[in-house]
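The values are calculated or read from the model by the stated rules, or taken from the named source; none is laboratory data. Bear in mind that the values here come from a model prediction, so they are computed numbers and not experimental data. Quick reminder, even Gly has a Cβ in these numbers, built from the backbone with ideal geometry, and neighbours come from all protein chains shown. SASA here: full protein model, heavy atoms, side chains in, ligands and nucleic acids out. Shrake-Rupley method; radii C 1.70, N 1.55, O 1.52, S 1.80 Å.
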Amino acid sequence: MAEGYVEYRNLRKSFGGLEILHGVDLTIPEGAFAVLVGPSGCGKSTLLRMTAGLENVTSGEINIAGRMVNNVHAKNRGIAMVFQSYALYPHMSVEDNMSFGLKMRKTPLQLITDRIKRAASILKLGPMLDRLPSQLSGGQRQRVAMGRALTREPEVFLFDEPLSNLDAKLRVEMRAEIKALHQRLKTTTIYVTHDQIEAMTMADLVVVMHDGRIEQVGEPLAIYDRPANLFVAEFLGSPAMNLIPGIIAQDADGRVVQTESGLRLPLEPEANGTVGQKVVYGIRPEHLQLDPAGDLPIRLTLVEPAGWETHVHADLGGHIVRMVSTKRVAQRAGDSTTATIDATRAHLFDAATGNRL
Amino acid sequence: MSHTTPMVEDGPTGADRLKPFVPYLLVLPGLLFVMGILGYAVVGGIILSLNETDMFMNKTFVGLKNYIDVFADPRFQDAMVRTLNFVVISIVLGIFMSMSFALVLYKVVRGRRFFRGLSLVPYFVSGIATAVMFRFIFTTSGGFVNTVLAQLGLPAQSWLGDPTLAFVVAIMANCWFMVPFASLILLGGLQTIDKDLYDAAAIDGANPIQIFFRITLPLIKPMLGVSLIWVSYISFSTFDIVLALTSGGPLKATELVSIYMYELAFQQLNFGQGAVLMVVLLVFNTVLSLIYIKIFVMGDRRHSEAGK
């Protein structure tokens, strides 16, 4: 009996001679909302499709609810999937779309009616049951696709980039709706997206993938605060973390990171790394602030007021850095001023391996 | 944009008022051309059928006499029954073969374009050449099929000499000609189906047969309708293949309405009765096509009300 609800053990996938997944090991606990996130081509969709039973396993194991499902047909895995294209049957009404899977399983009619009623009330689909998918808006189709998954009452929900066909406003709404649905049903969910904001806001467990490997697994804020390597550091967070290469040097007040242009970036005393080591210094935009009393000379190149926050691009010793301030910025592009770094929030990565120090 | 929001005082300009008609104006010349040619033939045929016409094309109006004579003619009655058999068997066999080919071609990954192109070759071969080829294949002495049968130790058959077998061979030749185009239409339909639907259906627990009948078939209904129109029309109107293959024989076993029409009009020079047969074929083809369109194209649920 596995302790995780969905477990992958040394899972590999090849298409022809090309290996897409290079040995994935991952445990997703029961009831978790796990988000697989990474750039396109990282293997996240392949991993989801393998979980669904739509792609064969080349080697390794997939376990769902303690059962090895490598050779179990998609329909018998206890999963339901929501597709990016929604994959609603265009010639069937909303109700028929939702009941198709149950009819195929010869579910008693009364039970089908009950389940559709329940799903329709959860997703507010009642008035739409007789309509065809072509008569619905994008957000409504999305809800029908979720309704179809709900009626199956699966052990695991799989979502494949479900929001990428919606406009920005609707995406934010549906994001909240899916999360609320999960909090209500507590069904284990695996959700694939390339959008790191979806990953951060929705997940209990973020799985960052890159080039067919898992880069880091953890709670969203834990990963955000302590990215395991340069890839994760750059991928999670918007605007992205500032990364500045340099060498650890000894200063009068302790160690600093010295850049090629002679800039000295502060480190907290507990920071790892030895003097002389080549590193990449990482600082998130919100931890680099304009400060007239600061000791880092900068020249602003772009100021983007967004209302509740202001994004500032600036030249720091030859590097373009981004800052996010919740204060309004009076300076304009071209102005020279100074900034400070919150040294306790600095990240250090080994320049050679890219791993966190 | 000023031209789409006309001022109240000015009203729409002349060009604005014409705009909705532009598409129709553009297709008008082509439409008139086609209607002209078709209309001339159809109207001319109907006029012929209502007249007694001699070989100098002098017409005498006789009303429905030709129709009464033709419908009472036992040779026509036999040809009509034979044609209906021929058409029904051809439609069933032809659609089954077209669908099978379309599904196979859809699945082919390697050399897809090559095989799709290759599959159309029979369609490009003329009816006469197809008939000659089938005669080579089914000739009693030294024909391909009988040679193979002999190798297997089976008795030779008189394929084109036996009434039943000749009828079967004629249907095969007809299918050979019409299946490629019909399967291309169906293949086009298959390619419009979102592949995610098959994944969704697999997860929903549908087996391949259920997927075919409950997802694939309903979604290619319009294309199925078009290929049915094609297959029915070709089968009703088939002429050159059967004429060159059997000339309607043996013992009139393959004398279809179209063959008899040729015999009446151009051998017996009875243009009036020949034209009646043309009208009969026209009515059958039109009625069948309208039924197909009603059921398959108009009945496609996806477009039943306001689209997207």
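Among the residues of this structure, A:I298 counts as one that is farther than 22 Å from A:R226 by Cα, touching an Asp or Glu at 6+ places or on another chain (Cβ under 9 Å) and modelled with pLDDT of 90 or more. Counting only residues that are of a type in the set (G, A, S) and loosely packed, with under 13 Cβ neighbours inside 10 Å, segment A:239-271 holds 4 of them. Criterion applied to B:V62, B:V22 was being open to solvent by less than 80 Å² (accessible area, probe 1.4 Å), without any contact (Cβ under 8 Å) to a residue 12 or more places away in the chain, β-branched (V, I, T) and outside the structural domain of B:L277 (by TED's automatic domain parsing), and the one residue passing it is B:V22. Selection over segment B:199-209 of residues that are at the interface with chain A (Cβ under 9 Å from one of its Cβ atoms), open to solvent by 50 Å² or more (accessible area, probe 1.4 Å) and in a helix (DSSP H, G or I) gives a count of 0. Going by the structure shown, is B:L217 part of a helix (DSSP H, G or I) and in contact (Cβ under 8 Å) with a residue 24 or more places away in the chain? No.
Condition first: within 19 Å of A:M202 (Cα to Cα) and open to solvent by 10 Å² or more (accessible area, probe 1.4 Å). Now tell me which residues in segment A:45-58 satisfy that. The one that is within 19 Å of A:M202 (Cα to Cα) and open to solvent by 10 Å² or more (accessible area, probe 1.4 Å): A:S45. Among the residues of segment A:268-284, those identified as under 18 Å from A:A339 (Cβ atoms) and at pLDDT 90 or above are A:Y281, A:G282, A:I283, A:R284. Residues that are open to solvent by less than 40 Å² (accessible area, probe 1.4 Å) and in contact with a strand residue (DSSP E or B) (Cβ under 6 Å, 6 or more places away or on another chain) within segment A:341-353 comprise A:I341, A:A343, A:A346, A:H347, A:L348, A:F349, listed in sequence order. Contact annotation: no residue pair with Cβ atoms under 9 Å, 6 or more positions apart or on different chains, pairs a residue in segment B:117-135 that is outside the structural domain of B:T147 (by TED's automatic domain parsing) with a partner that is at pLDDT below 85 and not acidic (D, E). Tell me, please, whether a residue that is within 9 Å of chain B (Cβ to nearest Cβ), part of a helix (DSSP H, G or I) and polar (S, T, N, Q) can be found in segment A:122-134. So far as segment A:122-134 goes, yes, one or more of its residues are within 9 Å of chain B (Cβ to nearest Cβ), part of a helix (DSSP H, G or I) and polar (S, T, N, Q). Comparison of A:M92, A:M81 shows that the only residue that is assigned to a loop (DSSP other than H, G, I, E, B) and either of a type in the set (A, V, I, L, M) or not assigned by TED's automatic domain parsing to the domain that holds A:Y191 (or both) is A:M92.
Within segment B:226-254, if we keep just the residues that are buried (at least 22 other Cβ atoms within 10 Å of the Cβ) and not in a helix (DSSP H, G or I), the residue that is modelled with the lowest pLDDT turns out to be B:G248.
One residue alone among A:E95, A:E19, A:E61 is within 30 Å of A:D130 (Cβ to Cβ) and more than 10 Å from chain B (Cβ to nearest Cβ), and that residue is A:E95. Evaluate the following for A:T151: is it without any contact (Cβ under 8 Å) to a residue 60 or more places away in the chain, surrounded by 18 or more Cβ atoms within 10 Å (Cβ to Cβ), closer than 18 Å to B:I203 by Cα and not small (G, A, S)? Taking the combined requirement at face value, the residue satisfies it. The lone criterion from (1) in a helix (DSSP H, G or I); (2) of a type outside the set (S, T, N, Q); (3) over 21 Å from the mean Cα position of the chain (by Cα) left unmet by B:M223 is number (3). When segment A:64-92 is limited to residues that are surrounded by fewer than 17 Cβ atoms within 10 Å (Cβ to Cβ) and more than 9 Å from chain B (Cβ to nearest Cβ), the one that is nearest to A:T189 (Cα to Cα) turns out to be A:G78.
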